[in-house]
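A short write-up of the structure that comes next.
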Amino acid sequence: MSTIKPLLSVRNLTKRFGPGCEDCESLTGPTQNRNQCPTCKTILGCGEVSFDLYPNEVLGIVGESGSGKTTLLRALHFDFEVTSGEMFFSYLSENNELTDLIKQIQDVNLFTTTNYVKRKVRNFLTGIIYQNPLMGINLNISAGGNIAEKMLMAEWRNLQTIRNRSKYLFQKTEMPLERIDQSPKDFSGGMQQRVQISKALASNPVLLFLDEVTTGLDLSVQAGVLDLIRNIQREFRFSMIVISHDFGVIRLLTERCMVMKNGKVIEHGLTDQILEDPVHPYTQLLVSSQL
Amino acid sequence: MTGKEWIMNQQNNKQTFLYNFAYLDENTKKEIRRKILKAVAIPGYQVPFASREMPIGRGWGTGGLQLTLSIIGCADTLKVIDQGSDDSVNAISIKKFIQKVCSIPITNDTKKATVIQTRHRIPEEKLEKNQILVFQVPVPEILRIIEPSDQVTKRMHAEADYSAIWLYLYEDIIHFNEISIGAGYPVMVNQRYIMDPSPIPRFDIPKLNHSRSLLLFGAGREKRIYAIPPFTDVHPLEFEDFTFRTEDFSGKTCSKCNASDVYLDEIIDDESGTRSYQCSDTSYCEKRCQP
Amino acid sequence: MNNIILQVENLEKKFELYLPEKKVFFAFQNINFNLYQGEFFSISGPSGSGKSSLLKCLYRTYKTTKGSIFYRSSRYGIVDFTKLQEQSVLNIRSNEMSYVSQFLNVIPRISALNLVAEPLIRKNIPQGIAIERAKEMLSRLNIPTNLFDSSPLTFSGGEKQRVNIARAVIWNPSLLLLDEPTASLDEKSEKIVKKILVTMKKSGSTLIGIFHNKKLINQISDRVFLFRKEE
């Protein structure tokens, strides 16, 4: 059988907002059709989520708002502490500078490791593109500076290399190069999103998180941004986790996806199978609700 | 003298107990010494301490003074400098005070001193293993230029999340082709913590690396102690292709002692408008002038 | 037995639809057949009898509800395709097994040339070579050169279908599933497609397909599987 190791393994990831009680388990989730425990008012962000992500693979997570998609993504990006669960990152690299870090995280549950290690993983191995570009970029800094920041995070220390890479990504994302030293304050939403994409990609991450990246953009801009992400993924071959409520986005970008409802994964499979032969009643509803 | 209960006032030839040796009570000294040990154990890390009220105003060297008083013993010889000068008001009043509460010998000669308290300079003469240099620090938090919240800067140090300060340098170079930080240039200590070296000129920064003497830093107003133990790696933040530069005195010499490889103060004659240069380290200059 | 590439046992596909209200029906039940290496296998039967559903089950676009599909993979050995890990299914799909759908279903804004070159690029063939081979394939299928850079969604039905076939055939998959690939083709195009399929078979590929044209079935298939409509 296959000997390829998953890049990322997540087991039983649970995030609750609140104190939690004995009833939480049985009174929340898709079967109960609610996120909030009626006894202790604790909210189930996501519960018992497990999956593997392989190198060069794109995994979709789809569900309506409040289904726990973003909570899941933020947990993987270490934006907050999880309630329970395990996360393993196994990455082999020829890059000698990463050897120490890779050794440090081997067979280690990243959810329970130090914030210092978490930040290293985040800075060196991953990138994130938020729905709102303002969450990912700083308007007080030039567009080029924003892109440079990601490389500085990954401890790139050669100005010329950083500068060239910023310019390269600017062109790659079809941005006018003469605006690289301007603040993204004066950019359109689509352009800001492109700056955010450049930033996320700048340090050659092996794993990219996409959180509803096209929601809020004009339809034509949406298409442009999605095509861009798709082409760049094909070219650089990193792994991606794509969050969306829109099956169109999932179909365009992913080959495998999970469907979430009330914090739990109710169905997972090949994307074409989910779209053509959805089994769970809720998935059937989602698929049939496409415009 | 044991130093435990030290007798100070000799009015009327009657000996009375007015102050403990070195002004501070023994419990205070003990606390500060413990904090010094912690600071030495974690080079570059800012250790909070209970900064005491001193008979001089906060911001006038109370941090350095408390360090000096905690470590000084009867066998020590003290030197105090302010911007390189032994005779400025701040240096004189601190010297007088310490002499009054310790009655230990005071010197201007760098080589003879065992404890040197300094404001904004490192002496030109190389320090040795048996000497301790105590810095007065106005603002110990180097990340303050980019982050106002103490809670956040603490987290940044804990996670070695230093991209923001690197970005600050990057933007400086992009906009001005120069790093605008002069005195108090940020240094990386022991490959772990970025530290404020107190407002010493860039000229003195290389002296911090693998120093033979122990370097202690005290900030009285901000209640922080930090340290660089002997023979520790200390490097200014720099890019591979934009390296750290010190102040350039090439072609200039001291008008008194003719020294050329020292930090020079510029002196402009009010009447003629001519510029001349003098050693900032006055005792070094005097030593050279003596026949 | 050695040359069986696909062994279908007791296959059943049951749909449970919940919208607007719960409804259960079977696409097919109790299907058994073997597929031998290098043969051309046709599935025939009245429309609505579940032929397409069967093909989709073989490709895992549909989840099988009962039975097994043993597939001999060059990479994984003999595996039950209905239970195989998703990652491995994707691997087989991009390296061994290809599928030609009834209708072209592609992302807009991508040119015909890039669409056809894509499976090659995914197999790490350099972009330049992939594009060259895509041009060759499109020309062989009589797609006018001036259409290469347009999205096939703007093409005529026959042209669309030829692009669809080009995409599936260009990388020489060892198993090719065809769902009425010639339905909307004129006689000339059908002949070209037929020629391509025959060449593939000669080079060792196994083909399984649904065709309506009886004459074509008789001309190219080694065996025919007859579907009866479920009562």
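The values are calculated or read from the model by the stated rules, or taken from the named source; none is laboratory data. Predicted model only: the values in this text are computed from it and were never measured. Cβ coordinates were reconstructed from backbone atoms using ideal geometry, including for glycine residues, and neighbour counts include every protein chain displayed. Side chains included, ligands, DNA and RNA excluded: accessible areas come from the protein's heavy atoms. Shrake-Rupley method; radii C 1.70, N 1.55, O 1.52, S 1.80 Å.
Structural remarks
- Scanning segment B:163-203 for residues that are facing chain A (nearest Cβ under 10 Å), open to solvent by less than 40 Å² (accessible area, probe 1.4 Å) and not β-branched (Val, Ile, Thr) yields B:Ser163, B:Ala164, B:Trp166, B:Leu167, B:Leu169, B:Tyr170, B:Glu171.
- Qualifying residue in segment A:188-199 (condition: in contact with a Lys or Arg (Cβ under 9 Å, 6 or more places away or on another chain), in a helix (DSSP H, G or I), surrounded by 19 or more Cβ atoms within 10 Å (Cβ to Cβ) and within 14 Å of chain B (Cβ to nearest Cβ)): yes
- Condition met for A:Leu8 (at pLDDT 90 or above and open to solvent by less than 50 Å² (accessible area, probe 1.4 Å)): yes
- Every residue from segment C:70-93 that is within 9 Å of chain A (Cβ to nearest Cβ), outside any loop (DSSP other than H, G, I, E, B) and on the phi < 0 side of the Ramachandran plot: C:Val79, C:Glu86, C:Gln87, C:Ser88, C:Val89, C:Leu90, C:Asn91, C:Arg93
- Filter result for A:Leu226 (under 29 Å from A:Ser90 (Cβ atoms), at the interface with chain C (Cβ under 10 Å from one of its Cβ atoms), within 19 Å of the chain's Cα centre (by Cα) and open to solvent by less than 20 Å² (accessible area, probe 1.4 Å)): no
- Any chance B:Ser70 is open to solvent by 10 Å² or more (accessible area, probe 1.4 Å) and at pLDDT 90 or above: no
- The residues listed here are A:Gly18, A:Gly45, A:Gly60; of these, the one that is touching an Asp or Glu at 6+ places or on another chain (Cβ under 9 Å) and at pLDDT 90 or above is A:Gly60.
- Check on B:Glu247, in contact with a Phe, Trp or Tyr (Cβ under 9 Å, 6 or more places away or on another chain), at pLDDT below 95 and either closer than 22 Å to B:Leu133 by Cα or open to solvent by 70 Å² or more (accessible area, probe 1.4 Å) (or both): no
- Restricting attention to segment B:96-142, the residues that are basic (Lys, Arg), open to solvent by less than 20 Å² (accessible area, probe 1.4 Å) and under 15 Å from B:Cys74 (Cα atoms) add up to 0.
- Within segment C:88-117, the set of residues being without any contact (Cβ under 8 Å) to a residue 40 or more places away in the chain, in contact with a Phe, Trp or Tyr (Cβ under 9 Å, 6 or more places away or on another chain) and surrounded by fewer than 17 Cβ atoms within 10 Å (Cβ to Cβ) comprises just one member, C:Ser94.
- Contact map, segment C:137-166: residues that are of a type in the set (Phe, Trp, Tyr) paired with residues that are surrounded by fewer than 20 Cβ atoms within 10 Å (Cβ to Cβ), Cβ distance under 7 Å, separation 6+ or inter-chain. Pairs shown: C:Phe148/C:Ser111; C:Phe148/C:Lys135; C:Phe155/C:Leu147.
- Among the conditions (1) open to solvent by 80 Å² or more (accessible area, probe 1.4 Å); (2) among the polar types (S, T, N, Q); (3) assigned to a helix (DSSP H, G or I); (4) within 26 Å of C:Lys51 (Cα to Cα), the only one that C:Ser189 does not satisfy is (1).
- In segment B:252-278, the residues that are in contact (Cβ under 8 Å) with a residue 40 or more places away in the chain and in a strand (DSSP E or B) reach residues that are surrounded by 10 or more Cβ atoms within 10 Å (Cβ to Cβ) and of a type outside the set (A, V, I, L, M) with C-beta atoms within less than 9 angstrom, at least six apart or across chains, in these pairs: B:Asp265/B:Gln83; B:Asp265/B:Gly84; B:Asp265/B:Tyr277; B:Asp265/B:Gln278; B:Asp265/B:Cys279; B:Asp265/B:Ser280.
- For segment B:227-272, a residue qualifies if it is of a type in the set (D, E, K, R) and over 21 Å from B:Glu286 (Cα atoms), and the qualifying residues are B:Asp233, B:Glu238, B:Glu240, B:Asp241, B:Arg245, B:Glu247, B:Asp248, B:Asp269, B:Asp270, B:Glu271.
- 3 or more residues within 14 Å of chain B (Cβ to nearest Cβ) and within 22 Å of B:Tyr162 (Cα to Cα): qualifying helices (runs of 4 or more DSSP H) within segment A:63-176: A:99-105, A:115-125, A:143-153, A:159-172
- Set side by side, the residues A:Pro38, A:Pro55 differ, and just one is within 14 Å of chain C (Cβ to nearest Cβ) and open to solvent by 50 Å² or more (accessible area, probe 1.4 Å), which is A:Pro55.
- The residues of segment C:133-159 that are under 19 Å from the mean Cα position of the chain (by Cα), among the small types (Gly, Ala, Ser) and either open to solvent by 40 Å² or more (accessible area, probe 1.4 Å) or at pLDDT 90 or above (or both), listed by number, are C:Ala134, C:Gly157.
- Among the residues of segment C:117-147, just one is outside any helix (DSSP H, G or I), more than 21 Å from C:Lys194 (Cα to Cα) and among the hydrophobic types (A, V, I, L, M, F, W, C), namely C:Ile125.
- Filtered residue count, segment B:230-248, keeping only those that are more than 14 Å from chain A (Cβ to nearest Cβ) and either over 21 Å from B:Val40 (Cβ atoms) or of a type outside the set (Val, Ile, Thr) (or both): 7
- Selection from segment C:66-79 of residues that are farther than 19 Å from C:Arg228 by Cβ, touching a residue at least 12 places away in the same chain (Cβ under 8 Å) and open to solvent by 30 Å² or more (accessible area, probe 1.4 Å): C:Phe70, C:Arg72, C:Ser74, C:Arg75
- Checked across segment C:37-44, the condition of being more than 14 Å from chain A (Cβ to nearest Cβ), open to solvent by 30 Å² or more (accessible area, probe 1.4 Å), in a strand (DSSP E or B) and out of contact with any Lys or Arg (no Cβ under 7 Å at 6 or more places or on another chain) holds for no residue.
- Selection within segment C:45-61 - within 16 Å of C:Phe26 (Cα to Cα), open to solvent by 30 Å² or more (accessible area, probe 1.4 Å) and either facing chain A (nearest Cβ under 10 Å) or touching a strand residue (DSSP E or B) at 6+ places or on another chain (Cβ under 6 Å) (or both): C:Ser52, C:Lys56
- Failed item, numbered, when B:Lys38 is tested on (1) modelled with pLDDT of 95 or more; (2) open to solvent by less than 60 Å² (accessible area, probe 1.4 Å): (2)
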